[in-house]
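The values are calculated or read from the model by the stated rules, or taken from the named source; none is laboratory data. Only a predicted model underlies this, so the values are computations on that prediction, with no experimental measurement involved. Positions of Cβ are backbone-derived with ideal geometry, glycine not excepted, and every protein chain shown enters the neighbour counts. These accessible areas exclude ligands, DNA and RNA; they are computed on the full protein's heavy atoms, side chains included. Shrake-Rupley method; radii C 1.70, N 1.55, O 1.52, S 1.80 Å.
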Amino acid sequence: MTPRPTVIVADDHGLVREALAVSLERRGFDVVATAGTAQDAAVEIARSAPALALLDLHMPVGGAPAVLRELGDAAPTVAIMTAYPGPADRARVPSSVPVLSKAQSLDLLVDSLRKLLPSAKSTSATALTERELEVVCRLARGLTAREVAHELQISVHTVRRHQENIGAKLGTRRRADLTRWAIDSGALS
């Protein structure tokens with residue numbers, strides 16, 4: 001059985017937050033947490049390490065941009081939602097982060113979220129070479145590139161090249177996503 005993708009839903013409107021959580025659960029996601037403020041969202045993301053975070057752009061304590069700033073590279077794959085998507089809102093978030101309209105259908109939202117998941121690119125450990133698996137497992141355990149290089153007796157440059165290749169194959173370069181993939185795929189035991 002394929003594991004259900006984990007997600008956190010953060011929106012300052014309780015009705016929207018709870019309706020999204022229930023709807024996503026019914027459509028095959030595992031909602032591991034919900035939050036009503038940017039600060040709570042950052043805490044829940046750090047605590048539960050979801051594969052995906054669905055964040056409202058405008059929430060108390062800074063909204064989605066504050067969450068992204070606080071988590072930095074430790075942020076999971078993120079999708080931002082807003083009631084009024086436009087150039088001003090788009091300018092508030094990095095261009096690599098999708099901004100989704102709350103006016104779209106639930107089915108379209110779910111399809112968009114599924115396409116963002118690292119597993120949408122590749123879920124098989126066989127997609128990686130043996131060396132790439134060694135690298136990703138060590139990175140997932142929290143080792144730095146320098147520590148991985150030392151353990152595997154290769155250069156830091158080679159570790160970084162493996163990271164690029166792994167990112168291209170799995171569709172992500174974020175360490176949190178690589179860690180989640182390593183756990184979900186069984187590569188990290």
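Can you tell me the 0 to 90 degree angle between the C-alpha axis of helix 14-26 and the longest principal axis of the chain, rounded to 10?
The answer is roughly 50 degrees.
Whole percent per 10 Å bin, from 0 to the bin with the longest distance: what is P(r) over all C-alpha pairs of segment 13-61?
26, 57, 16, 0
When only Cα pairs under 8 Å and 6 or more residues apart are kept, what is the percent relative contact order across the chain? If you can, show how the numbers build up before the last one.
Numbers: 287 pairs, mean separation 34.1, N = 189.
Relative contact order here is 18 percent.
Report, in degrees rounded to the nearest 10, the 0 to 90 angle that the Cα long axis of helix 156-170 makes with the longest principal axis of the chain.
It works out to around 50 degrees.
Could you derive backbone 3J(HN,Hα) for segment 100-114 from the dihedral phi with the Karplus parameters 6.51, -1.76 and 1.60 (θ = phi - 60°), listing whole Hz in sequence and x where the residue is Gly or Pro?
Per-residue couplings from phi come out as 9, 7, 6, 7, 6, 5, 5, 4, 5, 4, 4, 4, 4, 5, 4 Hz.
Dipole of the chain, Cα-centred, from +1 at each Lys and Arg C-beta and -1 at each Asp and Glu C-beta, to the nearest 20 debye? Present the calculation step by step, with values, prior to reporting the outcome.
Details: 23 positive and 21 negative charges, 95 e Å.
The calculated dipole for the chain is roughly 460 debye.
Work out, in µm²/s and without decimals, the Stokes-Einstein translational diffusion coefficient of segment 3-94 at 37 °C, 0.692 mPa s, Rh from Kirkwood over C-alpha pairs. Before the final figure, lay out the partial values.
Details: Rh = 12.9 Å.
Translational diffusion coefficient: 254 µm²/s.
Along the charge dipole of the chain, Cβ charges K/R +1 and D/E -1, which of 29, 116, 127 sits furthest on the positive end?
So the residue furthest toward the plus end is 127.
Please compute the per residue accessible area over segment 1-156 with all protein chains in place, 1.4 Å probe, rounded to a whole number of Å². Please list the in-between numbers first.
Working: 7850 Å² over 156 residues.
Averaged over the residues of segment 1-156, the accessible area is 50 Å².
For the chain, what is the convex hull volume of the alpha-carbon atoms per residue, in Å³? It would help to have the intermediate numbers written out before the result.
Values: hull volume 21.6 nm³, N = 189.
Considering the Cα atoms of the chain, their hull volume per residue is 114 Å³.
I'd like the carbon and sulfur percentage of the solvent accessible area for the chain, probe radius 1.4 Å, heavy atoms only, ligands and nucleic acids excluded.
Values: 5070 of 9620 Å².
Summing carbon and sulfur atoms, their accessible area is 53 percent of the total for the chain.
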